[in-house]
Amino acid sequence: MAETKEKSLSDEKPKPRVRPIVRLGIFLISHSFLVSVVCCTAGVLALFLLPVLAKNTYISENALMPGSASPMLSNQHVSDGNRLVKDLTNPNSKSSETGIESHKIIAQYMLDLGAEVSFHKFHPQMNQFHPLHFFSSPVSGKIQENYSCSSYGINTVGIIRAPRGDGKEAIVLVTPYNALKSGFGEALSLGIAYSVFSLLTQVTWLAKDIIWLVADSQYGEYAAVAAWLREYQTPKFSSLSTPNAEMCPDVNNLFELKGHSISGSKFSNSFRRAGTMAAALVLKVRDQNEQFEDTISIYAEASNGQMPNLDLINVVNYLAVHRQGLRVNVEKLWPLLNSSWLKSLGEIFESLAKVAKSLYPKWKFGIPATEYVEGTATLASSLYYQALGVPTGPHGAFRDYQVDAITLEISPKFSLDKVWRNDILLRGGRLIEGVIRSVNNLLEKFHQSFFLYLLTSPSKFVSVGVYMIAFALLIAPLPMVAASLYVDANSSSNCSKGDSSTPSAITDTDEHGIAIRSWRWLNSAKLVFIVHLWGAIVSLLPYFISQIPDCSPTTSFMIWVLLSILSLLTLNSVLASPLACAKATQEKEWALVKSVTISSVFIGLGLMSVINFATAEIGALLMVPMCLLARPLKLDVRAGTLRSFCRLICNLVLGHIAFPPAAFFLLKGMLDGFGNANVGDFWMWVESLWAWNSATYLFIDLTWRAHAVVAHQSCMMFWNLDVLVLSL
Amino acid sequence: METFINPKSLFHLLLLPCLLLYSSIAYNSSPVEAAMHTNNWAVLVCTSRFWFNYRHMANTLSLYRTVKRLGIPDERIILMLADDMACNTRNKYPAQVFNNENHRLNLYGDNVEVDYRGYEVTVENFLRVLTGRHETAVPRSKRLLSDEGSHILLYMTGHGGDEFLKFQDSEELQSHDLADAVKQMKEKHRFKELLIMVDTCQAATLFNQSPGVLAIGSSMKGENSYSHHLDSDVGVSVVDRFTYYTLAFFERLNIYDNASLSSLFSSYNPSLLMSTAYYRKDLYKRRLEEVPVTNFFGSVMETIHTDAAYKALSRRNSGRFEDEMSLDQSVHHIKRRMLIKVNDGDEIHDINPELLQGEEGASKCPWSTFRKKFQKAENVDSLLNYGLVAMIPLLVISTWLVQ
């Protein structure tokens, strides 16, 4: 980017008249300092303005028509659900070691309704780190070699066929259930699902099949759902099937037994399928009680910051609020709610809006300060979970197959009271019924509404067109600064005078040919490349470390750090000690190195914003100031003025904050208190990232490399190599 | 003598009066004279697909039921339904369609004859129906076989916008397409009078381009047409406001009622419709107060009393009828002239009647002499009998000459 700009600049120079766009470019580049300050401030400000700019959600798809049909779920269905809850919480059913009894009960209940029932056995897959699988979908039909017959899960699947439907589409209802240690909440969620299921077997308006998946969550909710989905989406043919759970004699026996004991032809041992999935709902009931009112939490983030279509959230929100009188909330970063600076910021915005309104009554963009704080907290959590790239619930498994799914977690107000239980069964059931009826009306996949959005409240969102502005403003200075640095570096070496715009201009005493000089940036690029290479190696190291058996997170982390340093030293020695070489020849060309770094960071951020916006935004917040401020510490120290000292401090602080582990600890410390921060936590965090194939991991790796480059250039004049590594 | 008279030329000579006589009768039954309301047709179109557009099908079926009840037979109704709601899997009541949440009336009963269904309802087919340009294989039941004596009701409902109506979620009928089709129909004498009734958003824009007929739309430009109510049992809106109030008007009527079009048009209350029903009558020749709604929505036409049942060969030439009509014949003619003028695009409305009268007199000159003859004769039967009797001596003479 910088190079092309520079080329066009030099091309245009001899001509008397320059095209306006070029002139504008030159102007921006020559005032890059001012531009970068303005743009960065505007970018951060725009980010804080997002809750104010959030729009109200609306149902975009005409076909959905939520709430147009009155709920049909009656007390009869609720009492059916209650019966199941009683049977499941009955201590007799829990006597079985494997919890197979509970599954049997559920299956029998489903069969009694006339649904098709089948069991799905699966082996929990251990999370594995696949260095090159960040963007690919989960591997199909992969079977672990060393499974044991004792560890398997059983999903119970009930399917209602739409009486007049074509059987090409299905809606999935998932209730995670751990038969071994189920709380009352889980049983209640099953009760809700059952009451809806019993209603749906009777209705005539089904156009899509209904699948009720009771996911065995003893190995994690996500694992069970993912295993079932893998099986569902990638059929295995008998000739190709490799040994799996059926080979275990004891398991087989259990199922044989079951096949006989459960009457009815609708039970089958084979895997049952319905049509393609239109949407999926994961239903949970929380055990702890909410204090104020019945609330329902929506979790939507899937892997790599993918979100389900906004219409699905809208439908749930609309039905919950306007039909069932439930309070809906989405995740918030709770610590932010009490922060006073955010409150004052909100008040500033509020008063500004008031002033604007008094000037021109049609300007109505202000929101109350409290709402602003809540919006910001929700936005922050939305950003955080999207950036993390780890799904917030079992719904994430569906997103991998492009199925829109969300998790609904009902937090009831009262406890265990019979009346209350019926009430929550009725309202929860009617909510689910309403959503299913609405999705049932769909003719196509969800496509009308947004996929790229951030929520600031359950009924407010910021769309991609708005939040991209903040990001664009933030990264806009990067190419300009890169270009200006490049120009300065070239011009300062051309005319051996100091340039006024760069106060620390270094006079170039060496005489190179112009041709050589114009290619000088390749040296810096090589340096940057080597540091990136090191970063890549460092990011691949955990794969090997994770192979070491019986390793505590802390030791793993230590091994990682040690290996990183080691790899740096080896790289240094093998590749003709680029750093030392750089030290000798490029002592005065830090500007070029910075220019190349900034360009690469710009490209990286730009690419990342396409893959996962939230990650790019957070990364930009950390890296852009760091990249822009970076200067050799030596120069600042030498200058000795107050300004340079400030800059030095900023550099050091930013350099450390933007270092991923440091950033992680700082964040964790801020949220949880510094007392319980542990070195091992970072390892676990990173482990979870790669377990979920999160692209964020790649990105952290990128941050790492960029950081390394910047840190390197900051330090290379001041300390020797060892100090550099220490500072990392 | 024999050589002097060429038998062939004589034969031609003899044929001449017969031809003259025949041509005068033919002239009498020419379109200008014959444009009398003789039959009724209805073209009812629902243009939108998908379950959530249930109400459009219900609208159309309600209209279908109404016009059938008021006397238009099934073979003269072209019913076009773009989707099948009755058998939609989402329909809680399979094979039934309701236009009210009380579910008292199943619109999709036994006697519904859908002529164009599903993906057959396209702009192309619609225009083919109007203009009568079908492929040869299209059965007669799917054709609009109207003539110059037909009153046609064209009812359309669906989703529309400024000067267009969406068909099938994939194509549009534009106002100039409609105008063009109506013009063609006019040229081909496919109707005597045409009432276009449109229930869509911005319906009034659809007949903006002057099709030259009576037209009413549910809403003005920039307005939406809204649904009337939601059936929370079926889970969709079941009828649109405009159609609902139209039906409410017709439910009070039976086939013998004499309600006029203007009473229908003034029955629309903008606050109930939530839009302004707009009708244009500037191109319509009769006064709306005098036109019974059954002229379009039913199949009730003027009855003509004759002396002897089934005696006349041509009812138009019945002497009594002529006597009755002769007084206002010329007035009618002027009106018709004016209509033709307007149709030609002339904006002059106040044409001098005397001028027209003169013109008419000139054009009617040969005709009026014959008419006097007819008036002398008691009826056309006797005229014809006289003619035949007169031909006998001519035939005798000619055969004698030839011999």
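The values are calculated or read from the model by the stated rules, or taken from the named source; none is laboratory data. Quick caveat: nothing in here was measured; it's all calculated off a predicted structure. Every residue, glycine as well, gets a Cβ built from its backbone with ideal geometry; the counts of neighbours run over all protein chains shown.
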Check your understanding: Which of the residues belonging to segment B:188-235 are outside any loop (DSSP other than H, G, I, E, B) and closer than 18 Å to B:GLU172 by Cα?
Key -> B:ILE196, B:MET197, B:VAL198, B:ASP199, B:ALA203, B:ALA204, B:THR205, B:LEU206, B:PHE207, B:GLY217
Review point. Within segment A:69-88, can you find the residues that are in a loop (DSSP other than H, G, I, E, B) and either hydroxyl-bearing (Ser, Thr, Tyr) or within 13 Å of chain B (Cβ to nearest Cβ) (or both)?
Key: A:ALA69, A:SER70, A:PRO71, A:MET72, A:SER74
Check your understanding: Looking at B:ARG117, is it surrounded by fewer than 16 Cβ atoms within 10 Å (Cβ to Cβ) and in contact with a strand residue (DSSP E or B) (Cβ under 8 Å, 6 or more places away or on another chain)?
Key -> yes
Point to revise | Considering residues of segment A:504-541 that are over 21 Å from A:GLY604 (Cβ atoms) and of a type in the set (A, V, I, L, M, F, W, C) only, the residue modelled with the lowest pLDDT | key: A:ALA505
Review point. Applying the selection to segment B:130-144, what residues are assigned to a loop (DSSP other than H, G, I, E, B) and in contact (Cβ under 8 Å) with a residue 12 or more places away in the chain?
Key: B:GLY132, B:ARG143, B:LEU144
Check your understanding: What residue, of A:GLY185, A:GLY191, is outside any loop (DSSP other than H, G, I, E, B) and surrounded by fewer than 23 Cβ atoms within 10 Å (Cβ to Cβ)?
Key -> A:GLY185
Review point. B:SER227 versus (1) within 14 Å of another protein chain (Cβ to nearest Cβ); (2) surrounded by fewer than 17 Cβ atoms within 10 Å (Cβ to Cβ): which is the lone unmet condition?
Key: (2)
Check your understanding: Can we say B:PHE250 is modelled with pLDDT of 85 or more, farther than 28 Å from A:ASN62 by Cβ, buried (at least 16 other Cβ atoms within 10 Å of the Cβ) and away from chain A (no Cβ under 14 Å)?
Key -> yes
Check your understanding: Which one of A:PRO66, A:PRO51 is within 14 Å of chain B (Cβ to nearest Cβ) and crowded, with 21+ Cβ neighbours inside 10 Å?
Key -> A:PRO66
Review point. So, of the residues in segment A:172-214 that are hydroxyl-bearing (Ser, Thr, Tyr) and within 16 Å of A:GLN76 (Cβ to Cβ), which turns out to be nearest to the other protein chains (Cβ to nearest Cβ)?
Key: A:THR201
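Listed here are the residues, each with its yes/no results for (1) over 16 Å from the mean Cα position of the chain (by Cα); (2) part of a loop (DSSP other than H, G, I, E, B); (3) within 14 Å of chain A (Cβ to nearest Cβ); (4) crowded, with 20+ Cβ neighbours inside 10 Å.
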{"site": "B:ALA58", "(1), (2), (3), (4)": "yes, no, no, yes"}
{"site": "B:LEU61", "(1), (2), (3), (4)": "yes, no, no, yes"}
{"site": "B:GLY71", "(1), (2), (3), (4)": "no, yes, no, no"}
{"site": "B:THR89", "(1), (2), (3), (4)": "yes, yes, yes, no"}
{"site": "B:ALA95", "(1), (2), (3), (4)": "yes, yes, yes, no"}
Point to revise | In segment A:419-434, residue nearest to A:LEU190 (Cα to Cα) [restricted to those that are touching a helix residue (DSSP H, G or I) at 6+ places or on another chain (Cβ under 6 Å) and within 14 Å of chain B (Cβ to nearest Cβ)] | key: A:GLU433
Practice item. Working only within segment A:151-171, note down all residues that are of a type outside the set (Val, Ile, Thr) and within 14 Å of another protein chain (Cβ to nearest Cβ). Key: A:ARG161, A:ALA162, A:PRO163, A:ARG164, A:GLY165, A:ASP166, A:GLY167, A:LYS168, A:GLU169, A:ALA170
Check your understanding: What is the residue count in segment A:473-503 for residues that are at pLDDT below 60 and surrounded by fewer than 20 Cβ atoms within 10 Å (Cβ to Cβ)?
Key -> 10
Revision key, fill the gap. Scanning segment A:79-98 for residues that are among the basic types (Lys, Arg) and modelled with pLDDT under 85 gives A:LYS94
Check your understanding: Is it true that some residue in segment A:448-471 is within 14 Å of chain B (Cβ to nearest Cβ) and at pLDDT 75 or above?
Key -> yes
Practice item. Taking A:VAL439 as the residue in question, decide whether it is within 14 Å of chain B (Cβ to nearest Cβ), touching a Lys or Arg at 6+ places or on another chain (Cβ under 8 Å) and surrounded by 24 or more Cβ atoms within 10 Å (Cβ to Cβ). Key: yes
Point to revise | Scope segment A:352-404; condition closer than 15 Å to A:LEU53 by Cα, assigned to a loop (DSSP other than H, G, I, E, B) and of a type in the set (Gly, Ala, Ser); matching residues | key: A:GLY366
**Study point:** Lone qualifier among A:GLN128, A:GLN76, A:GLN108 - being modelled with pLDDT under 85 and not basic (Lys, Arg)
**Key:** A:GLN128
